[in-house]
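First the structure, in the form of structure tokens, and then the observations on it.
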């Protein structure tokens, strides 16, 4: 049995395309909403469930101003796996079709296309029912906190010896040797900030060769609850276990940290734009010298720097950025 009401959300940053698609869909019996970017689309998607008027289909461009459409597809499908999502683009190739399929997209259309072509695709992917949004399981987990320690070393010290001492230390989740501004980045995890501060005072700062440490406690980002829920579901389905990640993250040397100073009043707008970037592995908000830290990857450090200059720095509210490439000391 098909859904009683066909309701579509059209996502495209070009007003003319949104208007034409909306008009064509309405002529074919659809109720239509539209969104000009990924973040507003996610908010409208969840609002539709809150109003008990969920969408039966999503039609989204791949090139969006804030979130890559393929990443948006992944995020939507992580929470609404049976909701049909049709991707469209004027820049697609045969490989794009494969990428859409790999991310569980239901169809891909090359622009330009006729509205009849879209309706034909919709008829082939119409759901049997509109599913309820995924509900997060309430699992009792031990509370923990995390913090970054940005370390500078004495020039005369044995940096490899310092690295090994820190890497094997309790409460150290990640230990990365880096270039530019700092020498080693630690991510520590514990039951409380007091416990982590004790680790810093009694163990980390006592390692011979450490000259200076900047301390950045990790805090929860101030973002919309709807987006936080999407991120939680998405990470739940895609996150590796910390132990495996610690072993496997060195398989590629093309990783780097981006330390950001951002306008705190703009965090709600900036964080989703950073988190949903294709090249971003993790996005954390912190207190201290920097208030946002990205872990990014790329095919080369030149491309990583290009990503920072072209995708991160232009975001309104980003004041300062520093890229620190990770040195794969295990292979060196």
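The values are calculated or read from the model by the stated rules, or taken from the named source; none is laboratory data. Computed from a predicted model, the values in this text were never measured in an experiment. Quick reminder, even Gly has a Cβ in these numbers, built from the backbone with ideal geometry, and neighbours come from all protein chains shown.
Here are the numbers:
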quantity: Single unsatisfied condition, residue 87 versus (1) within 19 Å of residue 230 (Cα to Cα); (2) outside any helix (DSSP H, G or I); (3) free of Cβ contacts under 8 Å to residues at least 60 places away in the same chain; calculated: (1)
quantity: Positions within the range 1-27 being assigned to a loop (DSSP other than H, G, I, E, B) and loosely packed, with under 15 Cβ neighbours inside 10 Å, in sequence order; calculated: 1, 2, 4, 5, 14
quantity: Only one of 187, 173 that is within 16 Å of residue 289 (Cα to Cα) and either outside the structural domain of residue 301 (by TED's automatic domain parsing) or under 22 Å from the mean Cα position of the chain (by Cα) (or both); calculated: 187
quantity: Matching option when the condition is without any contact (Cβ under 8 Å) to a residue 12 or more places away in the chain and either assigned to a loop (DSSP other than H, G, I, E, B) or in the same structural domain as residue 278 (by TED's automatic domain parsing) (or both), among 52, 104; calculated: 52
quantity: Residues (in contact with a helix residue (DSSP H, G or I) (Cβ under 6 Å, 6 or more places away or on another chain) and crowded, with 16+ Cβ neighbours inside 10 Å) located in the range 218-230; calculated: 221, 223, 226, 227, 230
quantity: Members of the range 289-321 that are assigned to a loop (DSSP other than H, G, I, E, B) and surrounded by 14 or more Cβ atoms within 10 Å (Cβ to Cβ); calculated: 290, 291, 298, 313, 315, 317
quantity: Some residue of the range 30-44 being free of Cβ contacts under 8 Å to residues at least 40 places away in the same chain, in contact with a helix residue (DSSP H, G or I) (Cβ under 8 Å, 6 or more places away or on another chain), in a loop (DSSP other than H, G, I, E, B) and outside the structural domain of residue 224 (by TED's automatic domain parsing); calculated: yes
quantity: Residue satisfying all of: in the range 187-212; in a strand (DSSP E or B) and out of contact with any helix residue (DSSP H, G or I) (no Cβ under 6 Å at 6 or more places or on another chain); farthest from residue 302 (Cα to Cα) among these; calculated: 189
